[in-house]
Structures are given as structure tokens and as C-alpha cells.
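Novice: This is the structure I want to talk about, given as C-alpha cells.
The values are calculated or read from the model by the stated rules, or taken from the named source; none is laboratory data. Quantities reported herein were computed from a predicted structural model and do not represent experimental measurements. Positions of Cβ are generated from backbone atoms using ideal geometry, with glycine treated the same way; all protein chains shown enter the neighbour counts. Areas reflect the complete protein model, heavy atoms only, side chains present, ligands, DNA and RNA absent. Shrake-Rupley method; radii C 1.70, N 1.55, O 1.52, S 1.80 Å.
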Amino acid sequence: MTETTKTHVILLACGSFNPITKGHIQMFERARDYLHKTGRFIVIGGIVSPVHDSYGKQGLVSSRHRLIMCQLAVQNSDWIRVDPWECYQDTWQTTCSVLEHHRDLMKRVTGCILSNVNTPSMTPVIGQPQNETPQPIYQNSNVSTKPTADENANLGTVMRYEEIELRILLLCGSDLLESFCIPGLWNEADMEVIVGDFGIVVVPRDAADTDRIMNHSSILRKYKNNIMVVKDDINHPMSVVSSTKSRLALQHGDGHVVDYLSQPVIDYILKSQLYINASG
């Protein structure tokens, strides 16, 4: 497949990021490498979307701190960015609503084809009448006018062709996938949209058996083809890194925290006195 015929992907990771770890960043990198190896996709951007303060998780520090830590963690990345929209809302947002926000925003910003998993590439821009022609996502490099909007307009490397198919995929670890199997935890209608319309890229953690997990949910079985499992090193050192382990290491003065968190994040945590006691 040529680059112009491949599906272009933005990876969206939702979560507490309390704090953001090296494992979170590696999750993006591993997912991008895997999708590129399939020959079907080009990943043009990654979005870190920290959860709203009202999520109510014990020990969750203020979104002000979590946003700054996320910014520090991705400051050297040329394709992953932090989006504050979810934190800036009046209350907690579902993962489904965050995906829908970014899908609709990308459509407005780029004018490109925003496809769902089962939408053929010739489908017009979402919400646009059939007799209208979609605007190109990017202009040629010699054109001075480029798409402008809020911070969400940054999609990574500028493309030179005029029309692409763009898909937003939820990026998650196998622990989030497994949570889909817990009765009553997720709204089933939301699950249908997340897995059925958008699709998921799963990075296994702790050598999890993703096939077993998917077989425990009728919705996951139904949309199994929309779930892409990153198949690389199942013993990847970052697959066991977690925010929980990072917080415990900080509380206990464990030097292994440098294996879990980037130095700028550690420096900010120490400066702001975060996670030093068990209450967060």
C-alpha cells in the first residue's frame, strides 16, 4: 500500500496519568511501531488525555499537576501531545465522549475524512451533505495557509497529499480491556461505540492473555476484528511499569523510581511534594 492509501491514525490514551510513567510513553511507541509493521496504517499523532478531577479516584492529584507532568513527559516527542479538554470540562467525561469530541474536532480542524472502523473510505466527512466535497486535510507545503484551531490542531508531521482517511483509535493496556468484562462497570452503549465504531489498540501488560479477556465479553467477541493487539515482546520491561508502583516507590524513597518515571517528572513531583505520603 502507498502512504496515500493507508489509513492515518491518531492514538488517544485516556487515563489518570497519576503520574504519567515511562510505560505510558512506551505504550504509544510500541503501538505506533506495530501499526506501521502491519502495512495498513500510518500513525500521525498521539494524544494523552488525563481524566477530570471529579473522577474520584483515591489519591488522584489535581489535574493542574497531572497536565504539567504529562507535558514534561512528552516534551521531547515530535508526535505525542497532551490535551487538556477532558480536564477542563465541568465534570468527569466518559471515554466514549472524549473519543467523540476528538473525532468531531478533527473533522472541523482538518476537513478530512473521519472514518469509523466500518466506514468505507469514500464516505464524506461526518455530518457533511453527500453533494459537498471534503476540504483537504493539509495543503501543499508551498501554501501559506494551514489549518488553525486550538491546541488540538497539531497532528504531527505535515502531509503533502490532499486527502486522507483519518481514524482515531483508543490506545490502552490490557488492564483496561479486561475492565470491559466487569459487569456494570461500563455502559454497554458506550462500549459498542468505543469498540464497534472507533476501535482499540491494546498493549498487553504483565503477559496478559488478551484472547482470554476478549472471550469473556460478548461485545469484545462481537467486535474482535476492531481490536488490534500489539504483538511484540511480551516480556517488554515497560509492560510491568505502572503509576501505582511509581507512587509506592516515591512514598518509600525507592531508587527504582527512575526506572518508572522520566527525570523531569520526578523533579516536578519532588518540587511539588506530590505522592510523598500515602494519601497522595
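Novice: Take ASP233 and tell me if it is open to solvent by 20 Å² or more (accessible area, probe 1.4 Å), modelled with pLDDT under 95 and touching a Leu at 6+ places or on another chain (Cβ under 9 Å).
Specialist: For ASP233, the condition - open to solvent by 20 Å² or more (accessible area, probe 1.4 Å), modelled with pLDDT under 95 and touching a Leu at 6+ places or on another chain (Cβ under 9 Å) - is not met.
Novice: May I pose another question? If a residue must be more than 16 Å from the chain's Cα centre (by Cα) and either at pLDDT below 95 or among the aromatic types (Phe, Trp, Tyr) (or both), how many such residues does region 78-103 contain?
Specialist: Adding up the residues that qualify gives 2.
Novice: A further question follows. Could you go through region 240-250 and let me know if any residue there is more than 29 Å from GLU188 (Cα to Cα) and assigned to a loop (DSSP other than H, G, I, E, B).
Specialist: Yes, there is a match, as at least one residue in region 240-250 is more than 29 Å from GLU188 (Cα to Cα) and assigned to a loop (DSSP other than H, G, I, E, B).
Novice: Which members of region 64-115 meet the condition of being within 20 Å of PHE41 (Cα to Cα) and not in a loop (DSSP other than H, G, I, E, B)?
Specialist: ILE80, ARG81, LEU99, HIS102, ARG103, MET106, LYS107, THR110, ILE113, LEU114
Novice: Now for a different question. Would you say PHE180 is among the aromatic types (Phe, Trp, Tyr) and closer than 24 Å to LEU105 by Cα?
Specialist: Spelling it out, it is not the case that PHE180 is among the aromatic types (Phe, Trp, Tyr) and closer than 24 Å to LEU105 by Cα.
Novice: State all residues of region 173-198 that are open to solvent by 30 Å² or more (accessible area, probe 1.4 Å) and either modelled with pLDDT under 95 or more than 15 Å from VAL98 (Cα to Cα) (or both); if no residue qualifies, say none.
Specialist: Correct list: ASP175, LEU176, GLU178, CYS181, ILE182, PRO183, GLY184, LEU185, GLU188.
Novice: If I ask for residues that are without any contact (Cβ under 8 Å) to a residue 12 or more places away in the chain, under 15 Å from SER242 (Cβ atoms) and part of a loop (DSSP other than H, G, I, E, B), which ones from region 255-273 would you list?
Specialist: Result: HIS256, single match.
Novice: Also, I was wondering about something else. Inspect all residues belonging to region 52-67 and state whether any of them is aliphatic (A, V, I, L, M), buried (at least 22 other Cβ atoms within 10 Å of the Cβ) and either closer than 24 Å to ARG205 by Cβ or in contact with a His (Cβ under 9 Å, 6 or more places away or on another chain) (or both).
Specialist: Looking through region 52-67, none of the residues is aliphatic (A, V, I, L, M), buried (at least 22 other Cβ atoms within 10 Å of the Cβ) and either closer than 24 Å to ARG205 by Cβ or in contact with a His (Cβ under 9 Å, 6 or more places away or on another chain) (or both).
Novice: Which ones in region 205-224 are open to solvent by 20 Å² or more (accessible area, probe 1.4 Å) and in contact (Cβ under 8 Å) with a residue 24 or more places away in the chain?
Specialist: Within region 205-224, ARG205, ASP206, ALA207, ALA208, HIS216, LYS222, TYR223 qualify.
Novice: Is it the case that region 32-45 has a residue that's under 16 Å from the mean Cα position of the chain (by Cα), part of a loop (DSSP other than H, G, I, E, B) and either at pLDDT 95 or above or crowded, with 18+ Cβ neighbours inside 10 Å (or both)?
Specialist: Taking every residue of region 32-45 in turn, none turns out to be under 16 Å from the mean Cα position of the chain (by Cα), part of a loop (DSSP other than H, G, I, E, B) and either at pLDDT 95 or above or crowded, with 18+ Cβ neighbours inside 10 Å (or both).
Novice: Can I ask one more? Name the pairs whose Cβ atoms lie under 9 Å apart, with the first residue in region 76-97 and closer than 16 Å to VAL48 by Cβ, the second polar (S, T, N, Q) and at pLDDT below 95, and 6 or more positions between them or separate chains?
Specialist: ASP78/THR157; TRP79/THR157; ARG81/ASN152; ARG81/ASN154; ASP83/ASN152; TRP85/ASN152
Novice: With (1) in contact with a Lys or Arg (Cβ under 6 Å, 6 or more places away or on another chain); (2) over 24 Å from LEU177 (Cα atoms); (3) not polar (S, T, N, Q) as the list, and ILE42 as the residue in question, which single condition is left unmet?
Specialist: Answer for ILE42: the failing condition is (2).
Novice: Picking from THR7, THR21, which residue would you name as being among the hydroxyl-bearing types (Ser, Thr, Tyr), touching a Ser or Thr at 6+ places or on another chain (Cβ under 8 Å), open to solvent by less than 20 Å² (accessible area, probe 1.4 Å) and under 21 Å from VAL240 (Cα atoms)?
Specialist: Answer to the selection: THR21.
Novice: Next up: Scan region 34-52 and report the pairs whose first residue is at positive phi and whose second residue is exposed (fewer than 14 other Cβ atoms within 10 Å of the Cβ), with Cβ atoms within less than 8 Å and a gap of 6+ or a chain change.
Specialist: Pairs found: GLY39/MET1.
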